[in-house]
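The values are calculated or read from the model by the stated rules, or taken from the named source; none is laboratory data. This is a predicted model, so every value here is computed, not measured. All Cβ positions, glycine included, derive from the backbone under ideal geometry; neighbour counts span all protein chains shown. Side chains are part of the model used for accessible areas, which takes the heavy atoms of the whole protein and leaves out ligands, DNA and RNA. Shrake-Rupley method; radii C 1.70, N 1.55, O 1.52, S 1.80 Å.
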Amino acid sequence: MKSDGGVTIEELVSTGDSIGTIALGETASADAARALDVKWKVPCQVQDLPIGLFATDRFIDALRKAAGVTVPDSITLERGQLLDIITDMQACFYHKKVALAGDPDHLIPLVEFLIDIDMMPVHIVTGTPGKAFLQRIEELTADLPYKVNVKAGTGADMFLLHQWIKNEPVDLLIANTYGKYMAKDDDIPFVRYGFPITDRVGHSYFPTVCYKGGMRLLEKILDVLLERIDRDAPEESFELVM
């Protein structure tokens with residue numbers, strides 16, 4: 001089933017006439033947006049991918065200002081639903097240690113979101129080199145009461161992440177499909193996120209960004225954490241209600 005959507009050639013050609021550009025992700029999108037600004041004087045701003053609460057807030061606010069409109073009630077409702085879910089689930093997330101691997105544009109807002117819900121990202125790797133990524137992670141984790149293991153570029157691979165996890169175990173792993181080997185080897189609850197996801201189907205139909213995507217991500221995280229509790233619980237603690 002193929003989508004009929006997407007950018008047409010005519011729309012792509014007309015980007016030089018835009019009132020503005022909002023680039024999502026410094027690594028993947030910033031150069032194109034700045035090129036439009038330099039060549040065609042289209043004002044641009046570079047934002048994080050709208051993953052989680054505050055990154056989505058910034059994206060929605062940028063759209064509101066660029067278009068000169070108010071935020072629709074339907075979007076405000078989605079934000080309220082995400083906040084409600086965070087409130088309900090927060091006790092289950094509190095101080096759970098997380099290891100992450102993926103693209104830098106995914107990892108930056110993911111780390112911010114995890115910290116916002118009181119989880120503890122402790123190991124972070126991306127194969128894409130870049131000092132800007134390391135600086136952003138350092139800024140996001142500056143107030144955490146521990147030093148975060150983070151590496152980008154050469155040597156920042158799954159082998160390194162696995163060694164870090166061996167030295168300091170975690171409660172959750174968030175990565176693409178290749179993370180499943182570590183999750184199986186160390187018996188870690190695992191959430192697939194990013195690219196590629198090659199061992200599951202159907203996920204492309206569901207949101208991964210903005211408020212709806214945040215709700216889905218929280219549900220997936222909670223599910224794997226509670227599944228672990230249920231699996232390991234003795235009979236007298238095997239609860240029917242959360």
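All told, LYS65 falls short of being over 23 Å from GLY130 (Cα atoms), over 25 Å from the mean Cα position of the chain (by Cα), basic (Lys, Arg) and surrounded by fewer than 15 Cβ atoms within 10 Å (Cβ to Cβ).
Any residue in the range 198-212 that is charged (D, E, K, R), assigned to a loop (DSSP other than H, G, I, E, B) and out of contact with any strand residue (DSSP E or B) (no Cβ under 7 Å at 6 or more places or on another chain)? Checking the range 198-212: at least one residue is charged (D, E, K, R), assigned to a loop (DSSP other than H, G, I, E, B) and out of contact with any strand residue (DSSP E or B) (no Cβ under 7 Å at 6 or more places or on another chain). Of the residues ALA28, ALA55, ALA23, ALA32, the single one that is open to solvent by 80 Å² or more (accessible area, probe 1.4 Å) and either within 23 Å of VAL209 (Cα to Cα) or not in a loop (DSSP other than H, G, I, E, B) (or both) is ALA28.
Entry remark, the range 1-20: residues being outside any loop (DSSP other than H, G, I, E, B) and among the hydroxyl-bearing types (Ser, Thr, Tyr) number 2 in total. Could we say that PHE113 is among the aromatic types (Phe, Trp, Tyr) and touching an Asp or Glu at 6+ places or on another chain (Cβ under 9 Å) here? Spelling it out, it is not the case that PHE113 is among the aromatic types (Phe, Trp, Tyr) and touching an Asp or Glu at 6+ places or on another chain (Cβ under 9 Å). Checked against (1) within 27 Å of SER204 (Cα to Cα); (2) at pLDDT 95 or above, LEU12 meets all criteria but (2).
Filtering the range 197-213 to residues that are open to solvent by less than 80 Å² (accessible area, probe 1.4 Å) and of a type in the set (A, V, I, L, M, F, W, C) leaves ILE197, VAL209, CYS210. Within the range 114-135, can you find the residues that are part of a helix (DSSP H, G or I), within 22 Å of LEU172 (Cα to Cα) and aliphatic (A, V, I, L, M)? Within the range 114-135, LEU114, ILE115, LEU134 meet the criteria. Please specify each residue of the range 70-92 satisfying the condition of being polar (S, T, N, Q), part of a helix (DSSP H, G or I) and exposed (fewer than 11 other Cβ atoms within 10 Å of the Cβ). SER74, THR87, listed by residue number. Inspection of the range 96-113 finds a residue satisfying the criterion of being out of contact with any His (no Cβ under 6 Å at 6 or more places or on another chain), within 25 Å of TYR211 (Cα to Cα), without any contact (Cβ under 8 Å) to a residue 60 or more places away in the chain and not polar (S, T, N, Q).
Note on the range 35-51: residues that are within 27 Å of VAL111 (Cβ to Cβ) and either in contact (Cβ under 8 Å) with a residue 60 or more places away in the chain or open to solvent by 30 Å² or more (accessible area, probe 1.4 Å) (or both) amount to 7. In contact (Cβ under 8 Å) with a residue 12 or more places away in the chain and on the phi > 0 side of the Ramachandran plot, is that true of GLY127? So GLY127 does not fit the description; no. Assess whether PRO169 counts as being closer than 19 Å to LYS97 by Cβ and without any contact (Cβ under 8 Å) to a residue 12 or more places away in the chain. No, not satisfied.
Residue-by-condition table, conditions (1) surrounded by 15 or more Cβ atoms within 10 Å (Cβ to Cβ); (2) of a type outside the set (Val, Ile, Thr); (3) not in a strand (DSSP E or B):
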| site | (1), (2), (3) |
| --- | --- |
| LEU144 | no, yes, yes |
| LYS151 | yes, yes, no |
| THR154 | no, no, yes |
| LEU161 | yes, yes, yes |
| ILE174 | yes, no, no |
| TYR181 | no, yes, yes |
| LYS184 | no, yes, yes |
| VAL191 | yes, no, no |
| PHE195 | no, yes, yes |
